[in-house]
Amino acid sequence: MEATPGSLLASQWRRQLERQERWTRGLRSHLYRRVNLWAQARVLDVGCGDGAIAAEMATRCRGRVTGIDRGVALLAEARKRGLSVVRGDAQRLPFADDTFDLVVCHMMLLWVEEPGLAVLEMARVTAPGGTVIAMAEPDHGGRIDYPEDLTIGAITSQALWREGAHPRIGRRVKEMFVNAGLAVEVGVLNSMWSDEELRREFDGEWELLEATAQDLVAEGELEALKRRDLRALDEGIRVVFTPVFWAIGRKAV
């Protein structure tokens with residue numbers, strides 16, 4: 001993860017990373033199969049954060065997985081997992097051209113100042129015939145909340161903009177891969193949380209929102225929205241859907 005919201009404590013951010021990794025577990029397994037992860041000899045995880053996904057890939061491929069991130073504390077956690085990691089910037093990867101067979105990122109382009117440049121760099125360090133994957137990039141501009149008086153999506157997007165993120169990055173992924181010269185296939189994670197999952201994620205979602213958006217609304221508004229959110233959940237009518245895009249890009253031989 002190349003950047004973190006400045007308003008979050010380190011412990012809050014780690015919990016958020018854990019939740020994101022849980023949300024996309026099934027999608028990642030699907031993408032690993034699509035690119036035959038087991039056969040990849042040289043794999044790079046860009047914006048690896050604490051190394052959870054890099055460690056997962058290391059158990060599923062025969063080759064070597066390297067992680068890169070700017071976060072010193074997160075890289076220390078990744079090293080505890082026995083990973084080979086490097087400190088560096090996704091927009092200026094410190095690797096030679098054509099170094100890796102597979103280069104991946106997970107919810108990283110959301111946080112990069114120039115995500116198109118990061119994709120260009122990922123393509124540059126990928127060997128001819130290799131693959132670049134953006135495993136999950138959300139698009140909060142397409143978020144659906146029901147009941148419709150729950151304006152949580154709009155507040156979340158505003159908070160992300162202020163933190164330096166790109167809340168509509170998902171819809172831009174295809175263009176960035178094309179601009180990097182990759183033959184791209186794009187899809188959207190189209191699952192929606194069940195009532196059980198909504199309840200499980202409730203506290204974590206609101207911890208994040210309260211930490212980043214309290215001053216973006218009138219006093220008491222977030223508290224009222226939280227009560228309304230919980231009431232809709234108790235009534236069994238709550239719907240939340242945020243499209244999460246993935247992309248597989250093949251580099252020409």
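Conditions (1) outside any helix (DSSP H, G or I); (2) out of contact with any strand residue (DSSP E or B) (no Cβ under 7 Å at 6 or more places or on another chain); (3) within 25 Å of Ala134 (Cα to Cα), marked per residue:
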| site | (1), (2), (3) |
| --- | --- |
| Glu185 | yes, no, yes |
| Leu208 | no, yes, yes |
| Asp215 | no, yes, no |
| Glu223 | no, yes, no |
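Considering only the range 197-206, I want to know if a residue exists there that is in contact with a helix residue (DSSP H, G or I) (Cβ under 9 Å, 6 or more places away or on another chain), over 24 Å from Leu17 (Cβ atoms) and not aromatic (Phe, Trp, Tyr). No, the range 197-206 contains no residue that is in contact with a helix residue (DSSP H, G or I) (Cβ under 9 Å, 6 or more places away or on another chain), over 24 Å from Leu17 (Cβ atoms) and not aromatic (Phe, Trp, Tyr). When you check Met122 against the structure, is it hydrophobic (A, V, I, L, M, F, W, C), under 17 Å from Trp246 (Cα atoms), part of a helix (DSSP H, G or I) and touching a Cys at 6+ places or on another chain (Cβ under 9 Å), yes or no? When the stated conditions are applied, Met122 passes them.
Assessment of the range 87-94 against the conditions (over 18 Å from the mean Cα position of the chain (by Cα) and in a helix (DSSP H, G or I)) yields no matching residue.
Exactly one residue among Glu197, Glu175, Glu148, Glu207 is more than 16 Å from the chain's Cα centre (by Cα), among the acidic types (Asp, Glu), closer than 22 Å to Gly26 by Cβ and surrounded by fewer than 22 Cβ atoms within 10 Å (Cβ to Cβ), and that residue is Glu197.
Suppose the filter is more than 21 Å from Leu208 (Cβ to Cβ) and in contact with a Lys or Arg (Cβ under 6 Å, 6 or more places away or on another chain); does Leu37 pass it? It is true that Leu37 is more than 21 Å from Leu208 (Cβ to Cβ) and in contact with a Lys or Arg (Cβ under 6 Å, 6 or more places away or on another chain).
The set of residues from the range 222-253 being free of Cβ contacts under 8 Å to residues at least 12 places away in the same chain and surrounded by 16 or more Cβ atoms within 10 Å (Cβ to Cβ) is empty.
Can you tell me which residues in the range 20-45 are small (Gly, Ala, Ser) and modelled with pLDDT under 95?
Gly26
Comparison of Asp89, Asp101, Asp69 shows that the only residue that is in contact (Cβ under 8 Å) with a residue 40 or more places away in the chain, surrounded by 21 or more Cβ atoms within 10 Å (Cβ to Cβ), among the acidic types (Asp, Glu) and in contact with a Lys or Arg (Cβ under 8 Å, 6 or more places away or on another chain) is Asp69. Evaluate the following for Ala54: is it modelled with pLDDT of 95 or more, surrounded by 15 or more Cβ atoms within 10 Å (Cβ to Cβ), touching a Gly at 6+ places or on another chain (Cβ under 7 Å) and closer than 24 Å to Leu189 by Cβ? So Ala54 fits the description; yes. Selection of first residues in the range 191-205 that are farther than 12 Å from Leu233 by Cβ and of second residues that are assigned to a helix (DSSP H, G or I), restricted to Cβ pairs under 7 Å at least 6 apart or on distinct chains, gives the following pairs, ordered by first then second residue: Gly204/Arg15; Gly204/Arg19. Scanning the range 225-242 for residues being touching a strand residue (DSSP E or B) at 6+ places or on another chain (Cβ under 9 Å), modelled with pLDDT of 95 or more and in a loop (DSSP other than H, G, I, E, B) gives a total of 2.
The values are calculated or read from the model by the stated rules, or taken from the named source; none is laboratory data. Since we're looking at a predicted model, the values are computed, not measured. With ideal geometry, Cβ positions are generated from the backbone for all residues, glycine too; neighbour counts draw on all protein chains shown.
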